[in-house]
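**Student:** Before anything else, here's the structure in question.
The values are calculated or read from the model by the stated rules, or taken from the named source; none is laboratory data. Everything quoted here is computed from the prediction, not taken from an experiment. Positions of Cβ are generated from backbone atoms using ideal geometry, with glycine treated the same way; all protein chains shown enter the neighbour counts.
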Amino acid sequence: MKILFISPTWTDDFGVFSKLAKKRNSQPPLGILYLAAVAERLGHTVKVIDADVENYAFETLVDTVINNDFDLLGITATSPIFHKAVKLAQALKEKGFAKPILIGGEHLNIFKQDAFCDCFDYGFFGESDYIFAQFLDMFTKGDFSFERIKGLLYRKEGRVFQATAAERIEGLDGLDFPAMHLLKQDAYRMTFVKFKPRYYLPIMATRGCPFKCVYCSEPLTNPQVRFRSAKNVVDEIEKWSKELKITHFFFMDSNLTLKRDQIEGICDEIINRGLKITFEGWTRANLVDRQILSLLKKAGLIRISYGLESGDPAILKIIRKEVAQEDMLRAFKLTDELGIEPACSVMLGLPGETKASVARTIDFVRKIPQILYSNFSIANPYPGTEMYDWALTVKHGMRLIIKNFSEYKRYEHSPVSVNDLTPEDLVHLQKIGLLKIHLTPKRIWAAIKMAGFAEILPVFFSFLREVFKPQAARK
């Protein structure tokens with residue numbers, strides 16, 4: 001069979017930040033790449049379209065599907081772009097596309113049957129690596145007794161059937177490596193302050209997260225952590241390094257240094273094999289020390305990002321970000337001393353937030369000298385998170401104003417109010433905060449190196465307009 005997987009666009013709704021988001025946050029659709037590898041192993045012909053980085057217009061995307069006679073179409077979508085998956089499937093049905101349309105992704109994982117719109121024929125929720133192989137085997141044989149498949153939504157005789165959830169995959173080493181060769185390789189490029197830009201691929205050494213941060217869905221949807229062996233992880237790195245000539249890898253794990261012996265094993269494997277690669281990832285500031293950072297650097301680590309989230313200890317306690325500010329300061333200092341580029345994530349509009357706590361966060365980030373650049377995103381209460389439930393019940397002052405997930409955006413728009421902060425206040429403070437954080441010669445230069453002068457200039461003028469906008473104009 002000919003199978004097409006599509007990841008819809010997602011950066012085009014970010015307003016003045018759209019070009020910046022596309023340039024800085026291009027992320028290969030790892031989930032469908034795992035499924036694509038399964039399909040290829042079973043002998044099918046597979047194509048993957050990442051519509052965002054490949055700049056597909058909607059009409060072009062529809063025509064591509066219609067004109068290439070695919071036997072199956074799979075679409076993945078998170079909650080903020082799920083409407084785009086629906087729009088695409090509906091347009092294809094209206095144009096006479098009669099082949100099955102499959103839907104998966106985090107939104108379907110959470111809402112299951114409630115998100116299984118009439119335009120979709122099959123839905124996959126949970127970890128679908130093994131389920132998908134079973135589905136393809138049955139489908140090609142004309143066996144439609146899908147009640148035997150776990151983690152599947154399907155239609156039969158006008159009714160929707162939802163199977164029980166599949167068991168979580170424990171033996172991650174048994175999975176196929178994701179089909180990276182199906183990507184447009186030159187579409188994924190990372191920029192740095194201290195290093196030259198480089199093309200990259202994503203990799204995951206774990207699945208799941210044990211922590212309970214209220215803004216993340218993993219505590220509810222994926223709390224059991226499973227680990228790949230160090231050998232298996234580096235086998236994948238070596239494969240793509242040799243076959244695709246990729247020399248930089250982004251670890252998509254929630255916490256790269258969660259399991260000490262695993263990450264030490266990965267570093268040792270890279271060093272012992274003499275692989276000339278670099279990599280980066282995320283972790284928590286209290287999960288690093290000089291010894292592990294030194295080993296990571298020796299293996300090729302050039303950038304690591306820490307989740308600060310807030311500069312107010314009271315907010316950190318509310319959101320269960322169990323990392324002390326002293327650990328954050330220590331991690332940035334160590335990282336910088338070792339010549340590794342430090343990065344961070346920061347949010348405003350979190351549960352319990354006030355104008356005073358936002359000011360404390362801005363001040364905290366500004367005063368960490370090792371920070372060269374930082375995002376400052378508006379906290380969105382995504383489905384599947386505890387924060388979403390809090391916003392529905394107005395806990396810690398957070399109130400959900402907009403329930404349409406397509407309007408969930410982390411920049412220039414807020415679906416919530418928090419205590420004395422209106423959505424307009426949050427947008428205003430976001431721009432003021434980004435300006436205050438970055439308005440030093442060192443950080444201006446870092447922003448230009450990261451994003452380019454042409455992309456930074458309109459954002460900068462947008463910030464200035466916000467500074468001089470009368471308060472009445474923000475209502």
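**Student:** Could you check, for segment 256-263, whether at least one of its residues is closer than 28 Å to Gly349 by Cβ and in the same structural domain as Leu329 (by TED's automatic domain parsing)? Show your work before the answer.
**Tutor:** Initial filter on segment 256-263 (closer than 28 Å to Gly349 by Cβ): 256, 258.
In the following step, the residues that additionally are in the same structural domain as Leu329 (by TED's automatic domain parsing) were identified as 256, 258.
The answer is yes; a qualifying residue exists.
**Student:** How many of the residues making up segment 261-301 are under 21 Å from Cys213 (Cα atoms) and out of contact with any strand residue (DSSP E or B) (no Cβ under 7 Å at 6 or more places or on another chain)? Steps first, please.
**Tutor:** Kept after step one, since they are under 21 Å from Cys213 (Cα atoms), are these residues of segment 261-301: 281-288.
After this cut, where a residue has to be out of contact with any strand residue (DSSP E or B) (no Cβ under 7 Å at 6 or more places or on another chain) as well, the list is 286-288.
The number of residues fulfilling the criteria is 3.
**Student:** Take segment 269-289 and flag every residue that is surrounded by fewer than 16 Cβ atoms within 10 Å (Cβ to Cβ) and not in a loop (DSSP other than H, G, I, E, B).
**Tutor:** Looking only at segment 269-289, we keep the residues that are surrounded by fewer than 16 Cβ atoms within 10 Å (Cβ to Cβ), and these are 271-274, 276, 289.
Ile271, Asn272, Arg273 - these are the residues of segment 269-289 that are surrounded by fewer than 16 Cβ atoms within 10 Å (Cβ to Cβ) and not in a loop (DSSP other than H, G, I, E, B).
**Student:** Lys276: free of Cβ contacts under 8 Å to residues at least 12 places away in the same chain and under 28 Å from Pro29 (Cβ atoms), yes or no? Lay out the reasoning, then the answer.
**Tutor:** On the way: free of Cβ contacts under 8 Å to residues at least 12 places away in the same chain: no; under 28 Å from Pro29 (Cβ atoms): yes.
Against the criterion (free of Cβ contacts under 8 Å to residues at least 12 places away in the same chain and under 28 Å from Pro29 (Cβ atoms)), Lys276 does not qualify.
**Student:** Now, a different point. Anything in segment 332-361 that is out of contact with any Pro (no Cβ under 8 Å at 6 or more places or on another chain) and within 19 Å of Phe192 (Cα to Cα)? List them, or say none.
**Tutor:** Residues of segment 332-361 that are out of contact with any Pro (no Cβ under 8 Å at 6 or more places or on another chain), as a first pass: 333-334, 337-361.
If the condition is that a residue be out of contact with any Pro (no Cβ under 8 Å at 6 or more places or on another chain) and within 19 Å of Phe192 (Cα to Cα), then Lys333, Leu334, Glu337, Leu338, Gly339, Ile340, Glu341, Pro342, Ala343, Cys344, Ser345, Val346 are the ones that fit.
**Student:** Taking segment 184-201 as the search range and keeping residues that are buried (at least 19 other Cβ atoms within 10 Å of the Cβ) and not hydrophobic (A, V, I, L, M, F, W, C), which one is farthest from Ile246 (Cα to Cα)?
**Tutor:** The extreme case among them is Tyr188.
**Student:** Considering only segment 373-389, I want to know if a residue exists there that is free of Cβ contacts under 8 Å to residues at least 12 places away in the same chain and either out of contact with any Ser or Thr (no Cβ under 8 Å at 6 or more places or on another chain) or on the phi > 0 side of the Ramachandran plot (or both).
**Tutor:** Of all residues in segment 373-389, those free of Cβ contacts under 8 Å to residues at least 12 places away in the same chain come to 389.
Okay, now just the ones that are also either out of contact with any Ser or Thr (no Cβ under 8 Å at 6 or more places or on another chain) or on the phi > 0 side of the Ramachandran plot (or both), so 389.
Scanning segment 373-389 turns up at least one residue that is free of Cβ contacts under 8 Å to residues at least 12 places away in the same chain and either out of contact with any Ser or Thr (no Cβ under 8 Å at 6 or more places or on another chain) or on the phi > 0 side of the Ramachandran plot (or both).
**Student:** Looking only at segment 390-402, which residues are free of Cβ contacts under 8 Å to residues at least 12 places away in the same chain and either more than 26 Å from the chain's Cα centre (by Cα) or part of a loop (DSSP other than H, G, I, E, B) (or both)? Walk me through how you get there before you give the answer.
**Tutor:** Within segment 390-402, the subset free of Cβ contacts under 8 Å to residues at least 12 places away in the same chain is 392-394.
Residues satisfying the conditions are Thr393, Val394.
**Student:** Still on this structure: Take the residues in segment 253-267 that are assigned to a loop (DSSP other than H, G, I, E, B) and in contact with a Phe, Trp or Tyr (Cβ under 8 Å, 6 or more places away or on another chain), then tell me which one is modelled with the lowest pLDDT.
**Tutor:** First pass over segment 253-267, keeping only residues assigned to a loop (DSSP other than H, G, I, E, B): 253-259.
The next check asks that each one be in contact with a Phe, Trp or Tyr (Cβ under 8 Å, 6 or more places away or on another chain); those that pass are 253-256, 259.
Details: Asp253: 96, Ser254: 93, Asn255: 96, Leu256: 97, Lys259: 97.
Only one residue tops the list, namely Ser254.
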